[in-house]
There are 2 protein chains.
Amino acid sequence: MPEDKGERAVEPAVEPAVQSTGGPAPAAPGPRTPRERARARTVADIIRLGREHLALHGAAALSLRAVARDLGVVSSAVYRYVESREELLTLLLIEAYNELGDAVDAAVAAVPEGDFGGQFGALGRAVRDWALREPARYALLFGSPVPGYQAPAERTTGPGTRVIFALIGILDGAFRAGRLAAPGPGSPAVPAGLAGDLAAIRAESGLAMPDELLARGALAWTSLFGAVSFEVFGQYGEGTFTAREELFAHHLAVLADVAGLPAPGAAA
Amino acid sequence: MPEDKGERAVEPAVEPAVQSTGGPAPAAPGPRTPRERARARTVADIIRLGREHLALHGAAALSLRAVARDLGVVSSAVYRYVESREELLTLLLIEAYNELGDAVDAAVAAVPEGDFGGQFGALGRAVRDWALREPARYALLFGSPVPGYQAPAERTTGPGTRVIFALIGILDGAFRAGRLAAPGPGSPAVPAGLAGDLAAIRAESGLAMPDELLARGALAWTSLFGAVSFEVFGQYGEGTFTAREELFAHHLAVLADVAGLPAPGAAA
DNA sequence: GAATTCAGAGAGCACTGCTCTCGCAACTTC
DNA sequence: GAAGTTGCGAGAGCAGTGCTCTCTGAATTC
């Protein structure tokens, strides 16, 4: 009797080949041999099933054996395709980062070019919407690190920095357009020890913003995710805040103000 | 051969009885019979070992069997004292909430009474210091929920709300002392849908602050934990921010300003 | 058609949470 | 002090996990 019952098999290989619609197929970097194509399809299936398990039961409950069962295959077979559970987590992490990045980019792009306040609002709402739609995957990205799992920086920093780069793009764009308000005269001074860090960031990303605005942008960044995390992770009490959409909208508006952005709709 | 090797036994029962120093011992609600006292000591040992494992390996890696090994006892024996792994997690959660609450209360109390800005800064630094000292336990409180584990609200809301109550106390105290600045005229209006929530909060906690300041207080709250979580969970890149203490200090100062608090040291 | 590669099966190891039974020792009651 | 009760630890066991290893057969390549 096989170790895994083999029930619940997921339609194997029925999935229509993506590049099979006429023509010699550009083939770009696509897998060439049938074996490679079958392999790529299996890997994609594993990732898809992993994503479903992740969304349903959370990252720490993600089990390669369960994925194997759903795939209609014995557990040791999936190790032909995925090095380890960690590896699968990394793949899902990258995928989630990119999905969030895509959602944010699309939301920002839908706002008129000069409406920097509106762009910031769109970015924030996109993050919150995605997080509420995919709480387990959001937790994988921004929650407590999964025990025993360390995301490989060289593979995740790229996708993982898309949101902050989008935010920086909005802020610096506003600054260059002369539409980013400087902090008031009574505003807290930027500590001297931060100057080096901020200078490095400015150089690396080719920014023009002065220290005060850069530091406030960082605050808006962490605060945005703080608000989203509190909501997704259930830190607000049971019935404390019921109008959460309005609460978030207000927080976003205040944060935009803190960052120096103009009110939404105020295009140049 | 026993299932657990029984090595690494932790000094059992050697621990000097806490209330054994002379006198008839107040005995208050303390366990009376020797059996109850031994039981209480074992439960305390389990919690202590659990705390150590939690701090070392994280919440999801907390294993009752490992605790049993360290206790020098077979795994089934710990179920005499703790209902389940969840139960132990809940005990550790409550303990951690209270430890954080104590740290915050002590830090705030060390600041002169009328120095509301200083109190806010002390609260924020206390949260950050504790979080950096106890990252795994902080993650248990404010990170992604542990999979399959739902904290029982009736036992955790009390300890879990100590920080926000301390923060509210500072803000409302400042407001009653006439030292909480109202938001500027151009400040974003509080959405109408939030009025009900804010009124309920105000009534329940006997607050005097108007909606605008209450909403900004909530923002300062979530933003504080957002900044701490980013630092503890490693969301800042590798070498992006090196002067993290200064960064946090600046964020705190801006957040105090956002909440309407006066600068630190400006006692009445 | 022969040689090679490779996917899947199955067994196995060490670990987890948790349950159940059994026997002994400590404690309580008479 | 003897008898009865309670509680605690041990041990076995179930179902699950990640991961490794070997073996077989089939697909692919030459």
Ignoring the sites themselves, what is the longest stretch of chain B with no GluC sites (Glu not before Pro) in a DSSP loop and at most 14 other beta-carbon atoms within 10 Å? B:114-237
At 7 Å along Cα-to-Cβ for each site, give me the label-to-label distance between residue B:40 and residue A:162 in nm. 5.7 nm
Crossing angle, helix A:162-176 versus chain A [Cα axis fit, 0-90 degrees, rounded to tens]: 30 degrees
Region B:175-197 to region A:208-268: how many Å between their Cα centroids? 16 Å
Provide a whole-number value for the mean count of partner chain Cβ atoms within 10 Å of the Cβ atoms in peptide B:243-253. 6
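Taking 0.36 nm per residue of separation and subtracting the Cα-Cα distance, what length does fully extending residue B:99 through residue B:57 add?
In short, 13.2 nm is gained.
Just check chain A against the gyration tensor rule for me: Cα atoms, a ≥ b ≥ c as the square roots of the eigenvalues, rounded for a/c under 1.5, and otherwise prolate or oblate depending on whether a/b exceeds b/c. Intermediate values should be presented prior to the final figure.
Working: a/c = 2.32, a/b = 1.89, b/c = 1.23.
Judged from the Cα gyration tensor, chain A comes out prolate (a/c at least 1.5, a/b above b/c).
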Test of understanding: in a Gaussian network model of chain A with alpha carbons linked when under 10 Å, which of A:92, A:171, A:198 would top the mean-square fluctuation ranking? A:198
From the phi angles alone, apply the Karplus equation (6.51, -1.76, 1.60; θ = phi - 60°) to region B:75-86 and give each ³J(HN,Hα) in whole Hz, x where the residue is Gly or Pro. 4, 5, 5, 5, 6, 5, 10, 10, 4, 6, 4, 4
What are the ³J(HN,Hα) couplings of region A:90-104, residue after residue, when phi is run through the Karplus curve with 6.51, -1.76, 1.60 and θ = phi - 60°? Round to Hz, x for glycine and proline. 4, 4, 5, 4, 4, 4, 5, 4, 5, 5, 5, x, 4, 4, 5
Once you have a ≥ b ≥ c as the square roots of the Cα gyration tensor eigenvalues for the protein assembly as shown, tell me rounded if a/c is under 1.5, and otherwise prolate or oblate according to whether a/b is larger than b/c. oblate
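Taking the Cβ of residue B:35 as the center, what net charge do the other residues with Cβ under 14 Å away carry, scoring Lys and Arg +1 and Asp and Glu -1?
On the way: positive: B:32, B:37, B:39, B:41, B:80; negative: B:36.
Residues near residue B:35 contribute +4 overall.
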Karplus 3J(HN,Hα) series, Hz, for region B:59-73 with 6.51 cos²θ - 1.76 cosθ + 1.60 (x for Gly, Pro): 5, 5, 8, 5, 10, 5, 5, 5, 4, 4, 4, 4, 7, x, 9
Taking Cα atoms, how many degrees apart are the long axis of helix A:211-232 and the longest axis of chain A, rounded to 10 and kept between 0 and 90? 50 degrees
For residue B:74, list long-range residues whose amide hydrogen, built 1.01 Å from N in the peptide plane, is under 5 Å from its own amide hydrogen. none
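Where in chain A lies the longest segment free of trypsin sites (Lys or Arg not before Pro) that are both loop residues by DSSP (not H, G, I, E, B) and have at most 12 other Cβ atoms within 10 Å? Please report the intermediate quantities before stating the final value.
Details: sites that count: A:5, A:8, A:32, A:80.
Longest site-free region, per DSSP loop and neighbour criteria: A:81-268.
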Is the shape of region A:177-220 best called rounded, prolate or oblate, per the rule: a/c under 1.5 gives rounded, else a/b larger than b/c gives prolate, else oblate, with a ≥ b ≥ c the square roots of the Cα gyration tensor eigenvalues? oblate
Helical contribution to [θ] at 222 nm, DSSP H n ≥ 4, -39,500 (n - 2.57), averaged over chain B, rounded to 500: -19500 deg cm²/dmol
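Rule-based calculations on the coordinates, nothing more; no lab input. Everything quoted here is computed from the prediction, not taken from an experiment. Cβ coordinates were reconstructed from backbone atoms using ideal geometry, including for glycine residues, and neighbour counts include every protein chain displayed.
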